[in-house]
Structure formats: C-alpha cells, structure tokens
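**Student:** Structure in structure tokens, see below.
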Amino acid sequence: MDISASITSVTGVGEKSAEKLERLGILTIEDLFYHIPSRYLDFRNAVPIKQATVDETVSITGEIWEISNAFTRRGKKITTAVISDESGTMELIWFNQTYLTKAIQPGDVIHAAGNVGWWAKKKAIIAPMWQKESPEGDGLNTILPIYPETEGVTSAWLRKITKNAWDSSSNQINETMPERIIDKYDLLSLPRTLETLHFPKDFSNVKKAHYRLSFEEMFHLQQEALRRRAEWDQQESVFFLQKDQFNKEVDQLIESLPFTLTSAQTHVVEDVYADFLRKSPMNRLVQGDVGSGKTVVAAIAAYITYLAGYPTFLMAPTEVLAQQHYQTISSILKEKVSHIALVSGSKKTDSFELGDIIIGTHALFHQREKLPEAGLVIIDEQHKFGVEQRAQLVFREGHRTPHIMTMTATPIPRSLALTVYGDQDLSLIDELPPGRKPVKTWVVEDHKHEKAYQWIHDQVLSTQKNKPQTLIVYPLIDDSEHESMADVKAATTEFEYLQHVFSDLRVELLHGRLKPTEKNTIVEQFRSGEIDILISTSVVEVGIDAPNATIIIVENAERFGLATLHQLRGRVGRRGQQGYCFLFSGTDDELTLQRLKAMETHHNGLKLAEIDLELRGPGQVFGTQQHGVGELRFAKITDLDLIQKTRDAAKITSDPN
C-alpha cells in the first residue's frame, strides 16, 4: 500500500480514530511512520522489586496497590503510588503530574522503569517512565516504544497500528537522500531508520537512526539556504564601484567623526565596501549588541551609495527607533548629504525627489510606489518585519535589485547564522565603544520591591547634576483576564501605583497604543531629562537612548527571553555611567531561574543568545518564526557539528561537477 494513502486505510483505524490522530498531525501512513517514539521502556532485564538497587536504573513490573496526590508546604504537587510484585513493594514518585491518579488505578498492572533513589528513607523510583500492561503482555522482555500521545490515542494503540501499517506498506518507503551523501556520511537507509526507531531489538542503532533523520532535516534546510543564495547571486545590482572609488571621501567622513571607530566597525565598513565592488547585490547581515555602533556603519554605507548617485532607504520597526536613526545619521552626514527625509505614521511626505536618504517605519511600504529606485536598502531589526514586508520594499516590479544590509541587536549564535541566515553574509560588531561599563544585574525576589523603590528614590534625590533616570518595564499594557496571566503585572495599573510611590518625582507612561505624537513627546522628554521614571512595555527594547538613564527594572522577567532582557539592559549606562538592572521574578521554577541568573554573570549578548537558544528554542530568541526553524522535529538548531556537516553536504549536491 502506498505510504501517501490516508491513515484510514490502515487496519484498525476508522474515521473517529483518524480525527484523533489528526491532532497529532497524522493524516497519512507516511505521517504515522514519521511519528517517532519520544522514549523507550526497556523491559528485557526486568528485576524483582526486592533486587532493585539504589543509584541504578531498573525496570520492574507489578500491581498498583494505591496511588494518591499530595502537596508540600511550598505548593509542589507529588503523586505517590505503591507497586507490588511477589518479592515486595516499592513506591513510585512523580512531580506535578496529578492526572496520574486518573490514568492509573489500584489493581492495574504496570511496567515502570527509572533510577532508584531514597524517598522518606525508603527505596523508590523517582519520576519513572511507565506503561500499563496490555492484555497480550507486550511489555515483558521487550523494548517498548512510547509515543507522543493525545486524548484517546495511547502508545499501546499506536504500536499496534504502526505494526499493521508497516506490514502492508514498508516496502513502499523510498530513499529520500542522495546515495553519495548516505555513503559519505555513513547514514542508515531510510527504511532501516524507520524500522529501527519503531521496532528496536536493541539500542545499538537507535541513536544512529535519530541522527539520520536529524541530518536529513538539516540538510534540506541548508539546501534551501544555498538555493536562495544562488538565486540572489544571479541578480544584478543597481550599482557597483570600481576599486578605490570614493576611498578619499569615505576616509574624510570617518576622520570628521567626533569619535574613533572601533576595530570591529572598521572591519564591517571594509566588508560593505567589498560588497559594493561586486556586480551582484550585497546581502549582508550586521549583528552587534545595543550601543555597538551599527547606525554609524549604516550611515557610512548610505554615504557611499549617495556618492554613487543613488538613494538609500532605512527601515526601522518603530517610530521611536526611526526618529533615533534620523537624528544620528543627520548629525553624521548633515554636511555631506543634501537631503535626509523621515517618513513614519505621523510624518508623511508626498514627494521623495530630494530624499537622498529616506528613513522610515513600515509606513514606507504604503508609499513604496512613490519611492525612487534605491541603491541600498537598510533594514534594522529585520526579524521584526515579515518576509513578505521586506520583499515588498526590496523587490519592486520594473526596478533593479538594490544592495541589502540588515542589522540586528539580537545576538545570533553561529548555528542560527548558518541556517536561518545561511543565504546572507554575516558581519559582527563584537566590541563596544571605549568607556562602556557592564551593567550590574541582579535577579530579585518579588517581596523586595519597596527596598528597590527606596534605593531609586535616594539615588535621584542625592544627585545634584545629571540626575539618574529609571526605566520600569512590564510585559503587558493592561491587566489580563486570562487565568494563566493573573500574576503578570501591567504597565497602566502599576503606573497609577508608582505615581504615589514616587510622588515627588516626574513619572510617565509609554506603550504601543499611544498615538505616535504622544510617544514621540514622551520619548523626547525622557531623553532630555524632564522625566525621572518612565513606565513602559518592551516598546523601549529598541530606540530609547537617554543620556542619564542608568537604572532599569524588568517586571515578570521570566516572561522575556534573554536576548530581549539583554537589549532592555542595553538601554541604560550608555554614556559611560554605571548602569543597574533589576530583574524581578516570582517564579520558583529552577530552569527559569537558572536562565535569568545567566544575566548576572554574562554580559556578552552572543553567549546569552546561545543559552536562550538551548533552553527556549529559536522561536523564543527571535520572537517570530524564522524560515521554518521553529518547525524542526528531529534536528537541534544548537548542534553546530551537524549544521557544518549538512552545509558541506548541501554544497556537494549543489555542485554540478
């Protein structure tokens, strides 16, 4: 039977069963074959309960005598079951799985496997894997696959229908990888891979079978990146330079700056200039921490484009950031470029004839038909724009392809750079300007708010000149009625309270629902020092640059990724002053606290991004799904060795020779 056939063609699967399987993404026989076990219960060497030894992993089979839930003083949920066989009894302990008292009943015979430890001075298996004994007794002396399940779909039933499907259709499984790649990287064939995972006789090849699926998944992702790169390289850019063209003018601009470029900035400028020498358009990603000087590099690139006779478009995700770019680039190029325009939701123009450099928000999309042919498009914080949005600005009917430079302060681990951004060249600005001090950071328990507020109050009142300013950031604008968000603080509610706490200071509120003119006014007042404390949402993540901002508090910090927290932290101490960051969190989840504590010891954005990537996944690092990476089922985006090998393999298959 063809593996593309409907799942209802498998013996034992009716229409109602198919509806339940659809919740697991299983619509065809092929889907069933790729529904891989998440773990295995090994009952080949089951031992009598009496022989279970502490600190060893064992498997046992027995009858459940009793099972119940209990709660500790700290509110942790513990499920305890007593299991018995002919040799004796033992307790099974689970945490935060209270549903087990419904899934397992006294009198049930179950197979359990796990590590034996001490619990209340008795031997017990802590957090065991388990499976009910089926009428056929299929758990004894076998390796039992345990699948991802859903309501009404058990692993026992999935094992049964998978066996039925395999018997009728396994001979229809065709290889999906090139033979030379399978041989070169010593991969299992696809039929053998799937058979090993669903019907393991031992564990000797299970790891190798998982590797085969991971390799193939990442291989196809790399192929797509190389395809996009090849298509880009076939295009002809709007302009390209001759060697040494405009060197004199660029050197004069750099010498006129009131600061010296860091070596990292200099290297990126050299990368960009080299791109301008090629006939195919530049497609470069510039990554650098908050405050590393990406805008200066963008200004230099725009100036070169201006000298070549073409305009530059710079697109920012927020009006606040667009305003900041406009001010920075205007100050750098005011005596070099004839006209610099700002276009946003609150500031529109009907003519772009004089716009040698046009800076704007998404409002540029709505006026793209009026825009002249661009020589360079710069996109800041590109992951905050959709792929289609970016394409609308870059690819316009009847226009040639401009050079593209994208910028981000979200640190990009090398593994992501080779996959998500595999079609782009990458430049790193990996050093901060001289004088920037690391922001002192603490993870703080919720009950210490009043102490923090008093400290902030004292800091402001004790300073005569350049009074320190404070940002307090909340996850929500308004209180949420959703039960899961009941403990999450909101900016508007807390604003009213903090006005009383800091009654002798100027406190203001900023969030995304304010009118653009209101936002601009508040940001400018904060920047000029008129506001002491700014209550905000993460809208301040990009774009706020206040000289005296030295303190930031992030509420419900557990709800933000490390990359976002690092960017928020980068809003303070930007003029060489000592910055302070307080991360308030009421969570007692150990993994979450471990993640937040990384902010106390790590000030390198790339390292923090790697930690976040490992603990939370790529979708959390970037906030939006990127090129299907969030859909990876088998491969890990953190596996750099796999990424390197699959990239090499993809290059082999893309080479016509």
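**Student:** Could you give every pair whose Cβ atoms fall below 8 Å, whose first residue belongs to region 413-425 and is under 14 Å from Met218 (Cβ atoms), and whose second residue is surrounded by fewer than 18 Cβ atoms within 10 Å (Cβ to Cβ) and β-branched (Val, Ile, Thr), counting only separations of at least 6 or pairs across chains?
**Tutor:** Close Cβ pairs (under 8 Å, with a partner that is surrounded by fewer than 18 Cβ atoms within 10 Å (Cβ to Cβ) and β-branched (Val, Ile, Thr)) amount to Ser415/Thr638.
**Student:** Right, something else. Taking only region 552-599 into account, find how many residues are farther than 16 Å from Val290 by Cα, β-branched (Val, Ile, Thr) and modelled with pLDDT of 85 or more.
**Tutor:** 3
**Student:** Of all residues being within 31 Å of the chain's Cα centre (by Cα) and among the small types (Gly, Ala, Ser) in region 1-50, which is nearest to Trp130 (Cα to Cα)? Just the residue, please.
**Tutor:** Taking the candidates together, the pick is Ser38.
**Student:** I would also like to ask the following. I'm checking my understanding of the structure. Among residues of region 69-82 that are surrounded by 11 or more Cβ atoms within 10 Å (Cβ to Cβ) and out of contact with any Asp or Glu (no Cβ under 8 Å at 6 or more places or on another chain), which one is farthest from Trp130 (Cα to Cα)?
**Tutor:** Out of the qualifying residues, it is Lys76.
**Student:** Out of all the residues in region 404-432, which are part of a loop (DSSP other than H, G, I, E, B) and under 14 Å from Gly605 (Cβ atoms)?
**Tutor:** Of everything in region 404-432, those that are part of a loop (DSSP other than H, G, I, E, B) and under 14 Å from Gly605 (Cβ atoms) turn out to be Ala409, Thr410, Pro411, Ile412, Pro413, Asp430, Glu431, Leu432.
**Student:** Test Ser427 against the stated conditions and say whether it is at pLDDT below 85, among the small types (Gly, Ala, Ser) and more than 28 Å from Gly512 (Cβ to Cβ).
**Tutor:** Spelling it out, it is not the case that Ser427 is at pLDDT below 85, among the small types (Gly, Ala, Ser) and more than 28 Å from Gly512 (Cβ to Cβ).
**Student:** For residues that are at pLDDT 90 or above, over 11 Å from Lys279 (Cα atoms) and surrounded by 13 or more Cβ atoms within 10 Å (Cβ to Cβ), tally how many sit in region 232-256.
**Tutor:** So the answer is 6.
**Student:** Let me confirm something: among Ile78, Ile64, Ile26, which residue is in the same structural domain as Thr8 (by TED's automatic domain parsing) and not polar (S, T, N, Q)?
**Tutor:** Values: Ile78 fails: in the same structural domain as Thr8 (by TED's automatic domain parsing); Ile64 fails: in the same structural domain as Thr8 (by TED's automatic domain parsing).
Just one listed residue meets the conditions, Ile26.
**Student:** Let me ask another. Counting only residues that are touching a residue at least 40 places away in the same chain (Cβ under 8 Å) and loosely packed, with under 14 Cβ neighbours inside 10 Å, how many does region 261-273 have? Can you show your working first?
**Tutor:** Restricting attention to region 261-273, the residues satisfying the condition of being touching a residue at least 40 places away in the same chain (Cβ under 8 Å) are 262-265, 267-268, 271-272.
Next cut, loosely packed, with under 14 Cβ neighbours inside 10 Å only: 263.
Going through region 261-273 one residue at a time, the tally reaches 1.
**Student:** Going by what's in this entry, would Ser280 be described as outside any helix (DSSP H, G or I), among the hydroxyl-bearing types (Ser, Thr, Tyr) and modelled with pLDDT of 90 or more?
**Tutor:** It is true that Ser280 is outside any helix (DSSP H, G or I), among the hydroxyl-bearing types (Ser, Thr, Tyr) and modelled with pLDDT of 90 or more.
**Student:** May I pose another question? Is it the case that Tyr310 is more than 26 Å from the chain's Cα centre (by Cα), touching a residue at least 12 places away in the same chain (Cβ under 8 Å) and more than 17 Å from Gly375 (Cβ to Cβ)?
**Tutor:** no
**Student:** Let me ask something else. In region 351-383, which residue that is modelled with pLDDT under 65 and within 17 Å of Lys294 (Cα to Cα) is nearest to the chain's Cα centre (by Cα)?
**Tutor:** Here the answer is His383.
**Student:** Scan region 643-657 and give yes if some residue there is in contact with an Asp or Glu (Cβ under 7 Å, 6 or more places away or on another chain), of a type outside the set (Gly, Ala, Ser) and modelled with pLDDT under 90, otherwise no. Let's see the steps before the verdict.
**Tutor:** First pass over region 643-657, keeping only residues in contact with an Asp or Glu (Cβ under 7 Å, 6 or more places away or on another chain): none.
So far as region 643-657 goes, no, none of its residues is in contact with an Asp or Glu (Cβ under 7 Å, 6 or more places away or on another chain), of a type outside the set (Gly, Ala, Ser) and modelled with pLDDT under 90.
**Student:** Sticking with this structure for a sec: Under the condition of being of a type outside the set (A, V, I, L, M, F, W, C) and at pLDDT 90 or above, which residue from region 437-447 is surrounded by the most Cβ atoms within 10 Å (Cβ to Cβ)?
**Tutor:** Thr441
**Student:** Something else now. What number goes with the only condition from (1) assigned to a strand (DSSP E or B); (2) modelled with pLDDT of 85 or more that Pro106 does not pass?
**Tutor:** (1)
**Student:** When you check Phe526 against the structure, is it crowded, with 21+ Cβ neighbours inside 10 Å, over 23 Å from Gln324 (Cα atoms) and touching a residue at least 24 places away in the same chain (Cβ under 8 Å), yes or no? If you could, list the steps in order and put the result at the bottom.
**Tutor:** On the way: crowded, with 21+ Cβ neighbours inside 10 Å: yes; over 23 Å from Gln324 (Cα atoms): no; touching a residue at least 24 places away in the same chain (Cβ under 8 Å): yes.
Against the criterion (crowded, with 21+ Cβ neighbours inside 10 Å, over 23 Å from Gln324 (Cα atoms) and touching a residue at least 24 places away in the same chain (Cβ under 8 Å)), Phe526 does not qualify.
**Student:** Looking only at region 68-103, how many residues end up being at pLDDT 90 or above, under 26 Å from Pro145 (Cβ atoms) and either touching a Gly at 6+ places or on another chain (Cβ under 9 Å) or not hydrophobic (A, V, I, L, M, F, W, C) (or both)?
**Tutor:** Total satisfying the criteria: 8.
Results for (1) buried (at least 16 other Cβ atoms within 10 Å of the Cβ); (2) modelled with pLDDT under 85, shown as yes or no for each residue.
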position	(1), (2)
Ala112	yes, no
Lys123	yes, no
Gln131	yes, yes
Pro135	no, yes
Gly139	yes, yes
Pro145	yes, no
Pro148	no, no
Ser155	yes, no
Leu158	yes, no
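**Student:** Residues that are within 18 Å of Ala120 (Cα to Cα), aliphatic (A, V, I, L, M) and touching a Ser or Thr at 6+ places or on another chain (Cβ under 8 Å): find the strands (runs of 3 or more DSSP E) completely inside region 23-91 holding 2 or more of those.
**Tutor:** Working: elements: 39-42, 57-71, 77-85.
Fully inside region 23-91 and qualifying: 57-71, 77-85.
**Student:** Here's a follow-up. Are there any pairs with C-beta distances below 8 angstrom linking a residue in region 84-105 that is closer than 21 Å to Asp589 by Cα to a residue that is loosely packed, with under 12 Cβ neighbours inside 10 Å, with the two at least 6 apart or on different chains, and if so which?
**Tutor:** Pairs that qualify, where the first residue is closer than 21 Å to Asp589 by Cα and the partner is loosely packed, with under 12 Cβ neighbours inside 10 Å, are Phe95/Lys76; Asn96/Lys76.
The values are calculated or read from the model by the stated rules, or taken from the named source; none is laboratory data. None of these values were measured; they are calculated from a predicted model. Counting neighbours? That spans all protein chains shown, and the Cβs are built from the backbone with ideal geometry, glycine included.
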